[in-house]
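*Asks:* Below is a structure I'd like to ask you about.
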Amino acid sequence: MLSTLPAGTGRPSPTTTAAPWWRDAVIYQVYVRSFLDSTDDGIGDLAGVRAGLPYLKKLGVDGIWLSPFYPSPQHDHGYDVADYRAVDPVYGDLTEFDRLVCASHRIGLKVLLDIVPNHCSSEHPWFRETLAAGPGTEARSRFHFAPGRGADGSEPPNNWRAMFGGPAWTRVTEPDGTPGEWYLHLFTPEQPDLNWRHQEVGDEFEQVLRFWLDRGVDGFRIDVAAGLFKHPELPDSEDPEADERSRDSVNPLAWNQPEVHGVWRRWRAVCEEYTAGDGEHRLLVGEVSVPTAREHALYVRPDELHQAFFFDLLSAPWDAAAFRTTIDAAVRDIAGTGSTVTWVLNNHDQVRTVTRYAGEPGVEGSGLGAARARAAALLMLALPGAAYVYQGEELGLPEVLDLPDDVLTDPIFSRTGSRKHVRDGCRVPLPWSGHASPFGFSQGAAGAQPWLPQPSWFADHATDRALADTSSFWHLYREGLQLRRSMPQLGEGPLHWLETPPQVLAMVRGDGLVCAVNFGSDPVPAPVPGAPLLASGPCPDGVLPGATAAWWITDLKTA
């Protein structure tokens with residue numbers, strides 16, 4: 001028996017206009033600081049990304065998303081932006097950026113930038129002007145300044161907590177040297193939140209978009225896309241501790257306010273202007289953290305963001321029912337808007353999949369974690385819509401769990417004193433070759449040590465070994481990406497669920513491609529006879545082993 005869910009309008013026939021490239025694209029997330037170091041200073045850079053483009057083209061992705069490389073004091077590794085129209089010298093310059101865009105386009109890769117509109121750096125010229133201007137000035141209205149509570153104003157204006165720990169407010173010293181107003185920061189004091197009710201803020205970011213679009217970028221990943229607007233009265237939160245208990249929690253007074261949708265309509269109109277010139281769509285994909293798929297869908301209506309990351313699959317437990325419920329909600333609520341679901345299994349803020357799926361702590365996760373991560377990758381690549389792959393996932397890199405305290409750079413650690421939710425372990429620079437650090441990450445003769453130390457076991461995951469081993473994660477991703485691009489069954493289209501044993505999911509895509517995943521530990525009969533087209537692990541004819549996914553081509557009818 002089949003059950004069916006729609007998933008967009010389907011891949012167009014050869015006689016119709018081609019669908020926009022972004023609808024089923026697979027984008028590789030480049031964490032620039034940790035990708036490849038061309039200057040031998042231990043920090044990745046734009047020239048290093050350019051040098052790595054042939055590797056990414058061979059892998060088979062459609063484009064790259066670059067983490068922030070703008071001038072920044074690096075309190076949150078670039079998500080505290082001091083200048084939105086330049087390149088931090090540690091990463092290169094605008095000339096090198098232009099070379100990277102040209103080189104990417106020359107081999108058919110799109111380039112997305114990470115833009116950070118919710119907050120800027122405390123060293124941004126606007127904020128410095130704010131501090132010098134004093135209370136009640138126009139400069140301060142670009143941010144959220146308010147007098148403190150209590151007789152002497154020594155208490156914060158409300159009880160909100162910052163997502164990286166501690167109060168969401170910091171008191172400034174006024175130009176005359178006296179204690180003064182407080183400003184809002186939902187992350188760290190070095191990242192003051194901008195006031196999007198001030199006209200100048202919206203105007204400035206429109207010009208920032210145009211600056212980079214004029215340089216040829218193909219779109220933007222938008223940081224904190226559900227933030228921007230705060231409740232205009234800045235009232236107390238009913239449960240302030242909840243705002244701090246989880247890094248992924250959402251303060252409803254500071255997130256998902258209705259006015260934010262007007263910003264995305266304005267940005268979409270800007271992108272449409274650039275699309276009209278050459279027929280190539282410019283993409284807006286949002287980091288949208290909201291409670292339900294239905295609320296998520298509001299951000300991808302036809303005149304707003306093209307796409308928004310669907311994080312629920314990333315956080316789903318390793319369980320067939322949980323995955324199916326998550327997939328069903330996304331396809332039902334998001335694809336119904338005319339957009340496509342944007343699937344993710346990992347990013348620069350999350351524990352790597354091999355370790356997350358291992359089910360128990362360990363330096364390298366476990367064989368079980370690796371098997372589950374491989375199966376999850378095949379499942380994601382078989383789903384209708386777009387997908388994002390975080391660098392190193394194609395190498396099967398586990399999380400680095402034993403970094404010493406004195407090398408941790410994540411502000412979550414410095415703000416809370418706790419290693420819980422610290423993100424450095426997934427940001428350790430990639431291993432490219434060799435048997436010892438820097439594993440080819442630093443290209444100079446000196447072999448500078450990376451900005452975060454690489455463990456010795458990274459040697460087992462180095463790119464040169466992955467390319468030479470046809471059973472590696474890398475080859476699994478490459479083969480999956482090649483099939484995804486060559487087979488119309490893996491276009492947008494609907495998916496149909498098959499009846500399966502407990503802890504097994506099986507779906508039909510298009511006319512006869514079946515993807516099945518065994519979430520259990522024991523082997524089960526395969527839903528399709530014969531050898532699979534592609535499998536995440538050894539898969540004998542007629543059998544689907546535990547923690548394994550496989551694809552088959554069959555004449556099974558879906559109607």
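The values are calculated or read from the model by the stated rules, or taken from the named source; none is laboratory data. Here the structure is a predicted model, which means the values were calculated and not measured. Cβ placement follows ideal geometry from the backbone for every residue including glycine, while neighbour counts extend to all protein chains displayed.
*Asks:* Could you run through segment 260-283 and say how many residues are among the aromatic types (Phe, Trp, Tyr) and within 14 Å of residue 229 (Cβ to Cβ)?
*Replies:* First pass over segment 260-283, keeping only residues among the aromatic types (Phe, Trp, Tyr): 264, 267, 274.
If we keep only those that are within 14 Å of residue 229 (Cβ to Cβ) as well, we get 264.
Total satisfying the criteria: 1.
*Asks:* Exactly one of (1) hydrophobic (A, V, I, L, M, F, W, C); (2) at pLDDT below 95; (3) farther than 30 Å from residue 339 by Cα is unmet by residue 7. Its number?
*Replies:* Against the list (1) hydrophobic (A, V, I, L, M, F, W, C); (2) at pLDDT below 95; (3) farther than 30 Å from residue 339 by Cα, residue 7 comes up short only on (3).
*Asks:* Residue by residue through segment 410-423, note down the ones that are out of contact with any Phe, Trp or Tyr (no Cβ under 7 Å at 6 or more places or on another chain) and crowded, with 19+ Cβ neighbours inside 10 Å.
*Replies:* Residues satisfying the conditions are 410, 413, 423.
*Asks:* What's the number of the condition residue 58 fails, among (1) among the basic types (Lys, Arg); (2) under 25 Å from residue 26 (Cβ atoms); (3) assigned to a loop (DSSP other than H, G, I, E, B)?
*Replies:* The single condition residue 58 does not satisfy is (3).
*Asks:* Out of all the residues in segment 492-508, which are surrounded by fewer than 21 Cβ atoms within 10 Å (Cβ to Cβ) and charged (D, E, K, R)?
*Replies:* Within segment 492-508, just 499 meets the criteria.
*Asks:* Okay, moving on. Going by the conditions given, is residue 386 more than 17 Å from the chain's Cα centre (by Cα) and among the aliphatic types (A, V, I, L, M)?
*Replies:* Against the criterion (more than 17 Å from the chain's Cα centre (by Cα) and among the aliphatic types (A, V, I, L, M)), residue 386 does not qualify.
*Asks:* Please determine, by comparing only the residues of segment 525-536 that are under 23 Å from residue 488 (Cβ atoms) and small (Gly, Ala, Ser), which one is surrounded by the most Cβ atoms within 10 Å (Cβ to Cβ).
*Replies:* Result: 536.
*Asks:* Residue 127 - would you say it is among the hydrophobic types (A, V, I, L, M, F, W, C), touching a residue at least 60 places away in the same chain (Cβ under 8 Å) and not in a loop (DSSP other than H, G, I, E, B)?
*Replies:* yes
*Asks:* If I ask for residues that are under 17 Å from residue 254 (Cα atoms) and assigned to a loop (DSSP other than H, G, I, E, B), which ones from segment 131-154 would you list?
*Replies:* 144
*Asks:* Can I ask one more? Of the residues 555, 511, 522, 541, which is at pLDDT 95 or above, over 28 Å from the mean Cα position of the chain (by Cα) and either surrounded by 17 or more Cβ atoms within 10 Å (Cβ to Cβ) or not aromatic (Phe, Trp, Tyr) (or both)?
*Replies:* Testing whether each residue is at pLDDT 95 or above, over 28 Å from the mean Cα position of the chain (by Cα) and either surrounded by 17 or more Cβ atoms within 10 Å (Cβ to Cβ) or not aromatic (Phe, Trp, Tyr) (or both) leaves just 522.
*Asks:* So, in segment 155-214, of the ones that are of a type in the set (Gly, Ala, Ser) and part of a loop (DSSP other than H, G, I, E, B), which residue ends up surrounded by the most Cβ atoms within 10 Å (Cβ to Cβ)?
*Replies:* Taking the candidates together, the pick is 168.
*Asks:* Check 417, 425 and return the single one that is assigned by TED's automatic domain parsing to the domain that holds residue 370 and under 24 Å from residue 49 (Cα atoms).
*Replies:* Every option except 425 fails the conditions.
*Asks:* Could you identify the single residue in 486, 437 that is without any contact (Cβ under 8 Å) to a residue 40 or more places away in the chain and either surrounded by 16 or more Cβ atoms within 10 Å (Cβ to Cβ) or touching a strand residue (DSSP E or B) at 6+ places or on another chain (Cβ under 8 Å) (or both)? Working first, answer last.
*Replies:* Details: 486 fails: either surrounded by 16 or more Cβ atoms within 10 Å (Cβ to Cβ) or touching a strand residue (DSSP E or B) at 6+ places or on another chain (Cβ under 8 Å) (or both).
Going through 486, 437 in turn, just one is without any contact (Cβ under 8 Å) to a residue 40 or more places away in the chain and either surrounded by 16 or more Cβ atoms within 10 Å (Cβ to Cβ) or touching a strand residue (DSSP E or B) at 6+ places or on another chain (Cβ under 8 Å) (or both): 437.
*Asks:* Return the residues of segment 50-107 that are charged (D, E, K, R) and touching a Pro at 6+ places or on another chain (Cβ under 7 Å); say none if nothing qualifies.
*Replies:* Going residue by residue through segment 50-107, those that are charged (D, E, K, R) are 50, 57-58, 62, 76, 80, 83, 85, 88, 93, 96, 98-99, 106.
Matches in segment 50-107: 76, 80, 83, 88.
*Asks:* Identify all residues within segment 155-182 that are out of contact with any Leu (no Cβ under 7 Å at 6 or more places or on another chain) and over 22 Å from residue 137 (Cβ atoms); write none if there are none.
*Replies:* 155, 159, 160, 161, 164, 165, 166, 167, listed by residue number.
*Asks:* On the basis of being within 27 Å of residue 128 (Cα to Cα), surrounded by fewer than 23 Cβ atoms within 10 Å (Cβ to Cβ), in contact with a Ser or Thr (Cβ under 6 Å, 6 or more places away or on another chain) and among the small types (Gly, Ala, Ser), does residue 86 make the cut?
*Replies:* It is false that residue 86 is within 27 Å of residue 128 (Cα to Cα), surrounded by fewer than 23 Cβ atoms within 10 Å (Cβ to Cβ), in contact with a Ser or Thr (Cβ under 6 Å, 6 or more places away or on another chain) and among the small types (Gly, Ala, Ser).
*Asks:* Now a separate question. Output the residue which, of all residues in segment 527-538 that are assigned to a loop (DSSP other than H, G, I, E, B) and closer than 24 Å to residue 474 by Cα, is nearest to the chain's Cα centre (by Cα).
*Replies:* My answer is 536.
*Asks:* Let me ask you something else. Look at segment 241-261 and say how many of its residues are modelled with pLDDT of 65 or more and either small (Gly, Ala, Ser) or within 12 Å of residue 186 (Cα to Cα) (or both).
*Replies:* The total comes to 5.
*Asks:* Within segment 74-93, can one find any residue that is free of Cβ contacts under 8 Å to residues at least 24 places away in the same chain and of a type in the set (A, V, I, L, M, F, W, C)?
*Replies:* yes
*Asks:* Here's something else I'd like to know. How about segment 320-340: which of its residues are under 20 Å from residue 26 (Cβ atoms), at pLDDT below 95 and not polar (S, T, N, Q)?
*Replies:* 330, 331, 334, 335
*Asks:* Residues being over 24 Å from the mean Cα position of the chain (by Cα) and free of Cβ contacts under 8 Å to residues at least 24 places away in the same chain: count how many of those fall in segment 405-434.
*Replies:* Selection size over segment 405-434: 3.
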